[in-house]
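Asks: Could you have a look at this structure, given as structure tokens, before my questions?
Since every read-out is calculated from the coordinates, none of them should be taken as a lab result. What you are looking at is a predicted structure, and each value in this text was computed from that prediction instead of being measured. Neighbour counts are summed over all protein chains in view; Cβ atoms, including those assigned to glycine, are modelled from backbone coordinates with ideal geometry.
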Amino acid sequence: MSDHQKPSVEPKAVRRIIIALVVICAACVLLDFFYEKHGHLSFENIPGFHAAYGFISCVLLVIAATQMRRFVKRDEDYYDD
């Protein structure tokens with residue numbers, strides 16, 4: 001058997017990626033204040049609305065998925081004979 005090692009990930013690299021993502025997201029929200037929007041509904045014109053809507057939707061989906069796990073969870077030996 002060959003000896004496979006998982007590639008090590010440096011914590012500094014992970015931290016840099018997270019910081020870069022936060023900066024990019026913040027820049028996108030800030031840019032939302034500087035152009036004219038033409039939404040179909042009035043609340044779509046609020047700066048940062050789509051970012052907040054997406055974040056809240058994502059959080060609610062995670063919460064719903066963790067609660068739904070109670071109903072769809074199977075025992076460990078469910079597929080065993």
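Asks: Among the listed residues His38, His4, which satisfies the condition of being part of a loop (DSSP other than H, G, I, E, B), touching a helix residue (DSSP H, G or I) at 6+ places or on another chain (Cβ under 9 Å) and without any contact (Cβ under 8 Å) to a residue 12 or more places away in the chain? Spell out how you get there, then give the answer.
Replies: On the way: His4 fails: touching a helix residue (DSSP H, G or I) at 6+ places or on another chain (Cβ under 9 Å).
From the options His38, His4, the qualifying one is His38.
Asks: How about the range 9-62: which of its residues are of a type in the set (D, E, K, R) and either over 17 Å from the mean Cα position of the chain (by Cα) or surrounded by 12 or more Cβ atoms within 10 Å (Cβ to Cβ) (or both)?
Replies: Glu10, Lys12, Arg16, Asp32, Glu36, Lys37, Glu44
Asks: Report, by residue number, each residue of the range 41-81 that is within 18 Å of Cys25 (Cα to Cα) and assigned to a loop (DSSP other than H, G, I, E, B).
Replies: Ile46, Pro47, Gly48, listed by residue number.
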